[in-house]
């Protein structure tokens, strides 16, 4: 049994076994989440990529134009993608119109202590915020932190959806001692030691 899970493993485990459901993975990158999903399901991945992905499960789409109209979606995942979008509020709202059952989102806490230290010592928060001389498409448009993420989610979630939230601690492939230290400290100082906020939304019947 692994002590520390990567984001996709963590989320797939929390989703549990799918039962003939259709899952839409927004910002799917290389469709890595599909590898960890369990049960019987139909998978559809959406992302905006320069390289040609010929998979029948993939849709090349710029989410700044909203989410394409796809019918009969049971579960939607948006893992580390919303912070890349200028129109984050519109896309977030549209998730609740499209999904019939469940939505999962993950947003990075840029107040995490490693990002703070990086900015203090180098002046760079992370590679996603570099002020480049060339136009960069794949970058963060927002600087979400623990408090602002919670406020954004709770303010913009429709009343007929139940929210379950998780404080995700960064995966450790070695030296699990630091994983447990961060997990303990995250309960006391979540703004500093929670790496990412993960939310599950379930539609009330």
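The values are calculated or read from the model by the stated rules, or taken from the named source; none is laboratory data. Since the model is a prediction, treat every value here as computed from it, not as a measurement. Here Cβ is always computed from backbone atoms with ideal geometry, including for glycine, and neighbour counts include all displayed protein chains.
Below are the figures for this structure:
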read-out: Filter pass, residue 98 being surrounded by 13 or more Cβ atoms within 10 Å (Cβ to Cβ), at pLDDT 95 or above and either within 27 Å of residue 194 (Cβ to Cβ) or within 18 Å of the chain's Cα centre (by Cα) (or both); value: yes
read-out: Residue in the range 123-133 that is within 21 Å of residue 24 (Cβ to Cβ) and under 17 Å from the mean Cα position of the chain (by Cα) present; value: no
read-out: The range 149-169, subset within 22 Å of residue 8 (Cα to Cα) and touching a residue at least 60 places away in the same chain (Cβ under 8 Å), residue farthest from the chain's Cα centre (by Cα); value: 169
read-out: Sole exception among (1) modelled with pLDDT of 95 or more; (2) within 20 Å of residue 26 (Cα to Cα) for residue 115, by number; value: (2)
read-out: Restricting the range 112-127 to residues that are without any contact (Cβ under 8 Å) to a residue 40 or more places away in the chain and surrounded by 14 or more Cβ atoms within 10 Å (Cβ to Cβ), the residue that is nearest to residue 197 (Cα to Cα); value: 115
